[in-house]
Amino acid sequence: MTSATMRSTHTIKNALGAALLMLVCAGVVFAASSMPPGDRHFYLPDPAASKIVTVTREGNAEAELTVVTQPVAIKETGPRETIGKFGEVYAFSPQTIIVHRDEPTMITFWNLQPDDDHDFALLASDLSVLMYVDLPPLTKTSYVFTFHKDGLLDFKCMQHQPAMSGQILVLPPARP
Ligand SMILES: [Cu+2]
């Protein structure tokens with residue numbers, strides 16, 4: 001075996017390993033869907049949705065950012081009148097995320113609440129749900145997103161609507 005052949009075999013093995021890892025990670029997400037609180041069903045983008053955005057649990061990222069879950073008006077701290085009128089209010093911070101197309105970007109969600117579950121649903125422009133994942137209490141949850149189309153996508157925590165929402169703006173690559 002020439003060293004070039006060995007190298008390419010090695011590359012194929014790495015690619016297979018990465019594919020296997022992605023399957024295992026996807027399996028973890030799907031496994032979570034079989035025991036959701038209520039009837040929540042979690043999933044990453046399917047092949048059709050992956051034409052808009054590819055999402056993996058791990059991988060090399062060229063950009064990273066953190067999104068926290070911010071309490072705005074909650075039962076523990078009030079104000080009581082506000083909660084009486086609006087219910088508990090949370091927000092993603094930041095609510096506007098700007099990324100470059102084709103640049104793998106790791107977004108880590110910090111659920112800061114000890115006793116409140118959040119989730120993350122990413123919506124296509126036709127409002128179909130591209131992915132839906134859980135953000136458990138007091139947990140950092142990371143995904144590597146690679147967006148394949150320029151434009152604006154909405155995201156939501158389905159449990160705290162309408163306030164807990166945001167948008168992702170996908171810009172053309174920084175280095176064409
Ligand atoms: Cu929430």
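Of note:
- A simple count of charges around Asp102, restricted to other residues whose Cβ falls under 12 Å of its Cβ and scoring Lys, Arg +1 and Asp, Glu -1, yields 0.
- GluC sites (Glu not before Pro) within the stretch 54-86: DSSP coil, no more than 16 neighbouring Cβ in 10 Å: Glu58, Glu62, Glu76
- Full extension of the chain between His148 and Lys51 yields a length gain of 34.3 nm, computed as 0.36 nm times the residue separation minus the alpha carbon distance.
- You can think of it this way: the chain between Gln95 and Lys75 has 5.0 nm of extra reach, that is 0.36 nm per residue less the Cα-Cα gap.
- Cα gyration tensor shape of the stretch 41-171, rounded if a/c is under 1.5, else prolate or oblate by comparing a/b with b/c: prolate
- As a rough footprinting exposure proxy, the listed residues Leu127, Leu138, Leu122, Leu112 were ranked by other beta carbons within 10 Å of their own, and the order from fewest upward is Leu127, Leu138, Leu112, Leu122.
- Net lengthening on full extension, Thr139/Asp115 (0.36 nm per residue, minus Cα-Cα): 7.5 nm
- Candidate lysines for bridging to Lys51, where Cα separation is under 22 Å - those fewer than 8 sequence places away on the same chain excluded: Lys149, Lys156
- Charge sum, other residues only, whose C-beta stays under 13 Å from Tyr143's C-beta, Lys/Arg counted +1 and Asp/Glu -1: -2
FYI, it's all coordinate maths here, none of it is from the lab. Remember, it's a predicted structure, so these values are computed and weren't measured experimentally. Because the Cβ atoms are built from the backbone with ideal geometry, glycine has one as well, and the counts that use them run over all protein chains shown.
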